[in-house]
Amino acid sequence: MNLIQLLSQQPYLTREREPFGAFVFRRPANRKYLLAALVLTAVQFIVFKLLYPFPDFISDSSNYVDTNLEHLRVNIWPVGYPFFLRLVHLVSPSHLWLVAVQYLVLQAALLYLFYTALYLLDLQGWNKRIFFIFLIVNPALLYLANCVLSDALFCAVSVIIFAQYMWMFRSPKLKYLLIQGVLIGIAFTIRYTAIYYPLVALLAIPVTAYRLPLKLLGIALPWAFIIPFIYYTQQETKKITGHPEFSIFGGWQIANNALYMYGHIRVDSTQLPADLRPLDRYAKLYFKKVAPTDEQLAELPGTYFIKVQNAILKPYSFAYGPPFERSSLGLIKLWGSVSPTYNKYGWYLIRHYPFSFMRYYMWLNTKNYFNPHLEKFTNYNLGQKEMWPSPQRWFQLESPAVFKRIPTWPMLIVGYFYRLLFTGLNFYFLVSVAFLYLGRKHNKGTYASFAGVWLATVFVVINFGFSVFATPVVLRYQFIPLIVMALFCLHMNELQGEVKKKEPVAA
C-alpha cells in the first residue's frame, strides 16, 4: 500500500465547523492567541530595534537598492524584492519603516499558518502552545526581517502558499488553486528558488478532491506567471549583455559547483568545445598553483569559486568580459558577458563526470545541509561600521554609520540554536513519517492530516534535493522547511499519541 492509497482511506472532512473567521475571532481561546501575538510582536520589535537601530546589510542589499536607484529592469537577483522596496518607499524612506513592514508581513503570514493548523489539524495542548511560541516568539525571524534582503518576504509568501495546499485538502475550492498559482508566480519574482514550487504543486494537487480539469489548471497556473517572467528577464538581459539569459548568477553558480570536483578529475582539454578551452586553462593553472584543500572549499559552503577573488571565475571575467564599471549595471554587463560560458562549462563537467560531482560537491553540500552555514548569524553588517553608499542614499541618511547596542554573541547563540534545531528536526521528521506510515492501520487522522504529511514530505525532500544540487546551503534559506517540519513533527507526535491511547493495554 502506498501513501496515496493511505490517503484515500482517511475520512475527507473531520466534521462541519464554523467558518474560519468565526473560529479565529469568536472563540475566546483563539482570540487570546491573537491578542498575545499582537502584543508579543510589538514588544519584540521595539526591544530588537533598541538593540539594533539600523538594518543589516550585505553586498546583495546594495544590489537590490541599486536596481531602483539605477532604474534597472533586471539585475543579478530577481526584481520582485526591489519592487517591494519601491512600494514601501512610497510611504516613507525610513529604514525603520521597511524593517517594520517586513516583520509585520512575516508575522501575519505565520499567524495565518498557525490558525490554519489549528483549524485543519486540530493541534491541542502543548503542541499548540509550542507551535505558537516557535512562530511568534522567534528571534531568528527578527534578524531576517532586519536584513535588507528578500528572506522575510519570501518566507511570508511561501508559508501562505503552503497553507493554501492544506486548505485544498479540506475543501476543493477554486480560490485556493488561484491563490497558490498567483503566489508561486510572485515568489518566483522574489527568489529563483521558487522554481521548484510548481513541482510541489504537481505532487500535491493530484491528492486533492478537485475534478481533473481543475487539477490540471492548478498545476499549470504557476507557469502562466513564471514563463512570461522568464521571457521578460531574458529579453531585458539581452539588451544589456547581448545574451538572452534568464539568470546571470545561475551560470556562475553552476560553474562554481562543478569546479569543486576539478582537483579530483582529469579534463582532456582537446575534447572541450573551443569556446570553453580558455576557461579550462584558467582552471588548470589555478589548481596547479593553488590547489585549494577540501577544508578550504568547505569554509565557503557552495560559493568558494564565486567569492574568492583569484579563484578562476573572477579573473576570467576580468580578462574576457568588458571593462568593469562600478555600478550594478556594470556588474550585470561583466557577469552577464561570461555567464553563458560558465553555464556551458559547468554543465559539460557535470555531464562528463557525474559521479565525481556527486562525491565532491553534492556529498559536501549534503553534509552542509544538515549543518547549514550560519552566514548572516555570525556578524552584523559584515563586521563593518558603515553601510554602503547606495543604501545610505536610498534611506536618505546623512551619515553611513551603523551600530548596534549589543555584542555579537547573542546573534551567534540564536544561529547555533536554530542550526541544531534544523538538524534535529530533519531526523525526527523522517522517523515520524516512517512510524506514521508503518502504523497506517491504526491511525485515525483525517484526510487533511495525512495529505498534509504528504505535502510536508514532498516539500522537505524537494527542498533537500534542490539545495544539495544547486545552491549554497545557509541557515537563512532553510527557515521555510524548518517551519514546515516543526508543524508536522508536532502534529505527527499528536497522532501517534492518539494511537497509543486507543491501543488496548496487555493483561
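The values are calculated or read from the model by the stated rules, or taken from the named source; none is laboratory data. Being a predicted model, the structure only gives us computed values, none of them experimental. Every residue, glycine as well, gets a Cβ built from its backbone with ideal geometry; the counts of neighbours run over all protein chains shown.
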* Structure fact -> Scanning segment 244-258 residue by residue, those of a type in the set (Gly, Ala, Ser), within 13 Å of residue 340 (Cα to Cα) and either over 20 Å from the mean Cα position of the chain (by Cα) or surrounded by fewer than 19 Cβ atoms within 10 Å (Cβ to Cβ) (or both) turn out to be 250, 255
* To do: Please tell me if residue 411 is over 21 Å from the mean Cα position of the chain (by Cα), in a helix (DSSP H, G or I) and of a type outside the set (Asp, Glu).
  => no
* Structure fact -> Taking segment 194-214 and keeping only residues that are surrounded by 16 or more Cβ atoms within 10 Å (Cβ to Cβ) and either in a loop (DSSP other than H, G, I, E, B) or in contact with a Ser or Thr (Cβ under 7 Å, 6 or more places away or on another chain) (or both), one is left with 208, 210
* Restrict the check to segment 232-243 and report whether at least one residue is assigned to a helix (DSSP H, G or I), of a type in the set (Lys, Arg) and loosely packed, with under 15 Cβ neighbours inside 10 Å. => yes
* To do: Determine which single condition residue 379 fails, assuming it passes every other condition in (1) more than 25 Å from the chain's Cα centre (by Cα); (2) not assigned by TED's automatic domain parsing to the domain that holds residue 65.
  => (1)
* Asked: Quick one: which of 28, 82 is out of contact with any Pro (no Cβ under 8 Å at 6 or more places or on another chain) and within 30 Å of residue 184 (Cβ to Cβ)?
  -> 82
* Hey, residue 379 hits all of (1) more than 23 Å from residue 277 (Cα to Cα); (2) assigned to a helix (DSSP H, G or I) but one; which does it fall short on? -> (2)
* Asked: Hey, any hits in segment 133-140 for a residue that's over 21 Å from the mean Cα position of the chain (by Cα), of a type in the set (Phe, Trp, Tyr) and over 27 Å from residue 250 (Cα atoms)?
  -> no
* Asked: Looking at segment 50-70, is at least one residue farther than 30 Å from residue 447 by Cα and in contact with a Cys (Cβ under 6 Å, 6 or more places away or on another chain)?
  -> yes
* Asked: Tell me, which residue of segment 48-79 that is closer than 19 Å to residue 153 by Cβ and of a type in the set (D, E, K, R) is surrounded by the most Cβ atoms within 10 Å (Cβ to Cβ)?
  -> 66
* **Filter result (among the β-branched types (Val, Ile, Thr) and either at pLDDT 90 or above or buried (at least 16 other Cβ atoms within 10 Å of the Cβ) (or both)) within segment 281-329** => 303, 306, 308, 312
* Could you list, in sequence order, all residues of segment 162-180 that are without any contact (Cβ under 8 Å) to a residue 24 or more places away in the chain and either surrounded by 18 or more Cβ atoms within 10 Å (Cβ to Cβ) or of a type in the set (Val, Ile, Thr) (or both)? => 164, 176, 179
* **Selection status of residue 110, out of contact with any Asp or Glu (no Cβ under 7 Å at 6 or more places or on another chain), part of a helix (DSSP H, G or I) and surrounded by 22 or more Cβ atoms within 10 Å (Cβ to Cβ)** => yes
* Checking residue 417 against (1) on the phi < 0 side of the Ramachandran plot; (2) not in a helix (DSSP H, G or I), the condition it does not meet -> (2)
* Do we find that residue 436 is in the same structural domain as residue 483 (by TED's automatic domain parsing) and either part of a loop (DSSP other than H, G, I, E, B) or modelled with pLDDT under 90 (or both) in this structure? -> yes
* Look through segment 260-282, keep the residues that are part of a helix (DSSP H, G or I) and hydrophobic (A, V, I, L, M, F, W, C), and return whichever of them is farthest from residue 341 (Cα to Cα). => 274
* Failed item in (1) touching a residue at least 40 places away in the same chain (Cβ under 8 Å); (2) over 17 Å from residue 472 (Cβ atoms), with residue 374 passing the rest -> (2)
* Asked: So is residue 336 under 30 Å from residue 370 (Cα atoms), surrounded by 22 or more Cβ atoms within 10 Å (Cβ to Cβ) and not β-branched (Val, Ile, Thr) or not?
  -> no
* **Odd one out for residue 76, checked against (1) modelled with pLDDT under 95; (2) of a type in the set (Val, Ile, Thr); (3) in a helix (DSSP H, G or I)** => (3)
* Asked: Do we find a residue being farther than 22 Å from residue 353 by Cβ, touching a residue at least 40 places away in the same chain (Cβ under 8 Å), assigned by TED's automatic domain parsing to the domain that holds residue 336 and in contact with a Phe, Trp or Tyr (Cβ under 6 Å, 6 or more places away or on another chain) anywhere in segment 219-227?
  -> no
